[in-house]
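Structure first, then comments.
The values are calculated or read from the model by the stated rules, or taken from the named source; none is laboratory data. Everything quoted here is computed from the prediction, not taken from an experiment. With ideal geometry, Cβ positions are generated from the backbone for all residues, glycine too; neighbour counts draw on all protein chains shown. These area figures cover heavy atoms from the full protein model, side chains too; ligands, DNA and RNA do not enter into them. Shrake-Rupley method; radii C 1.70, N 1.55, O 1.52, S 1.80 Å.
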There are 2 protein chains.
Amino acid sequence: MKTTSRKAEIIAEASQLFKEKGYSAVTVRDIAEAMGIKAASLYNHIEGKQEILSILILDLAKEFIKGMEDILKMKISPLQKIEKLIELHIDITVNQSEALAALNNDWMHMGADDVHHFVAMREAYEENFRNIIKEGISLGQLQPRHPEVILFSILSTLRTLYVWYQKRGKLDVNILKRDMVAVLIRGIV
Amino acid sequence: MKTTSRKAEIIAEASQLFKEKGYSAVTVRDIAEAMGIKAASLYNHIEGKQEILSILILDLAKEFIKGMEDILKMKISPLQKIEKLIELHIDITVNQSEALAALNNDWMHMGADDVHHFVAMREAYEENFRNIIKEGISLGQLQPRHPEVILFSILSTLRTLYVWYQKRGKLDVNILKRDMVAVLIRGIV
DNA sequence: GAACAAAACTAACACTTGTTAGTTTAATTT
DNA sequence: AAATTAAACTAACAAGTGTTAGTTTTGTTC
């Protein structure tokens, strides 16, 4: 009964180091040491340092794409879709904060093909999000602000939630969702 | 008439590279090449690679501290102070986006002393911001949400504005301020 | 034009980097 | 017990790293 493959363990360990210091500042010897083995031993399991990064980032990006697709299918209002998206981000943050750090900060250090793939996915995701916002505005459900400003202020908050989430004492996920939705949608006044 | 010292030019060039690839992925040879000189020549002007990073980050941090002090002195309501803070961040973003990237992503690569100094300044800044929010809540001017959630969602939006600001076509600063204040304070509904 | 300072250069250093090749040990299956 | 596979090891590589020392070029001041 293998619970987690050795490769998965390496990726998990590496992702923590990447989160702390960034991909470029972490050496394969750092990763090996964190696992209690020698650097060369890693290469029985992985193709190279870059592969770890690509797996982390692309798998997570696919998860976002999948979450977006599910929400788009729902028969709910644009505003409710935005609420669902906020919850999606929070759920992912809570149990994938390391990969999220890599996705945010180190995507440009993947190989050229993977960078292209990633950027395409990110743009598709943002375009879907933007369309939901536009729909909400034209239905009169959202304020008629520049959609880009709305998109950006929601997304940047959600994307960097991982920085902040475990600095404070990991408050309850449901409370976090409730307050986050309230602040992002209804503002603070 | 020396407009900018050679050292300042190096720092300016380096900051652009740091923004694109992160501090650790940029070599001193990259910086030298960007200036059309050899790596060793840099050392006539700077103490080392880390010094560039520290100057970038600590100078900018001081600018934030200074801006916060000025706002705290003003005889205006907590809500108006928050508006001023939003404008402060936008002003800094518009003409210091490279240093802002370093401050956000690479502060942990400074020397230990500078890291300490930086973290202390950041915590002081956040504490001041938090107190303004708390005051706003107790005056009934702001919604009674968890102050930490409010602080975080405003700050993370402002801190990552630099990523987004020049991706889109550098819209007018005053329009940006107006919409940003509106979205962050009054929400989107 | 001599003297001086600023800023570039060449050459090299000691160390770190990701990775490969070949081998040995440990764990599992037959 | 033999055979097989998984996973570690040692040793080394070629390239890249930040930095130093000493020298030459460039530009300015007397």
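Points worth noting:
- Pairs where the first residue, in segment B:170-186, is basic (Lys, Arg) and the second is buried (at least 17 other Cβ atoms within 10 Å of the Cβ) and assigned to a helix (DSSP H, G or I), C-beta under 7 Å, 6+ apart: B:LYS177/B:GLU87; B:LYS177/B:ILE90
- Residues within segment A:1-30 that are closer than 21 Å to B:GLY22 by Cβ and within 10 Å of DNA strand C (Cβ to nearest atom), tallied: 8
- Residues of segment A:6-21 satisfying the condition of being open to solvent by 20 Å² or more (accessible area, probe 1.4 Å) and under 23 Å from the mean Cα position of the chain (by Cα): A:LYS7, A:ALA8, A:GLU9, A:ILE11, A:ALA12, A:GLU13, A:GLN16, A:LEU17, A:LYS19, A:GLU20, A:LYS21
- Residues of segment A:163-180 satisfying the condition of being part of a helix (DSSP H, G or I) and within 10 Å of another protein chain (Cβ to nearest Cβ): A:VAL163, A:TRP164, A:TYR165, A:ILE175, A:LEU176, A:ARG178, A:ASP179, A:MET180
- Residue list for segment B:137-162, filter: assigned to a helix (DSSP H, G or I), in contact (Cβ under 8 Å) with a residue 40 or more places away in the chain, of a type in the set (A, V, I, L, M) and over 26 Å from A:GLY140 (Cα atoms): B:LEU158, B:LEU161
- Looking across B:LEU79, B:LEU100, one residue alone is more than 16 Å from DNA strand D (Cβ to nearest atom), in contact (Cβ under 8 Å) with a residue 24 or more places away in the chain and within 21 Å of the chain's Cα centre (by Cα). It is B:LEU100.
- Single match in A:HIS117, A:HIS89, A:HIS109 (criterion: at the interface with another protein chain (Cβ under 8 Å from one of its Cβ atoms) and either open to solvent by less than 20 Å² (accessible area, probe 1.4 Å) or at negative phi (or both)): A:HIS109
- Top-ranked residue of segment A:25-59 - restricted to ones that are outside any helix (DSSP H, G or I) and open to solvent by less than 40 Å² (accessible area, probe 1.4 Å), ranked as nearest to A:ALA14 (Cα to Cα): A:VAL26
- Test: B:ILE76 is β-branched (Val, Ile, Thr), within 28 Å of A:GLU20 (Cβ to Cβ) and either touching a helix residue (DSSP H, G or I) at 6+ places or on another chain (Cβ under 8 Å) or not in a helix (DSSP H, G or I) (or both): no
- Scanning segment A:31-41 for residues that are touching a helix residue (DSSP H, G or I) at 6+ places or on another chain (Cβ under 6 Å) and within 7 Å of DNA strand C (Cβ to nearest atom) yields a total of 1.
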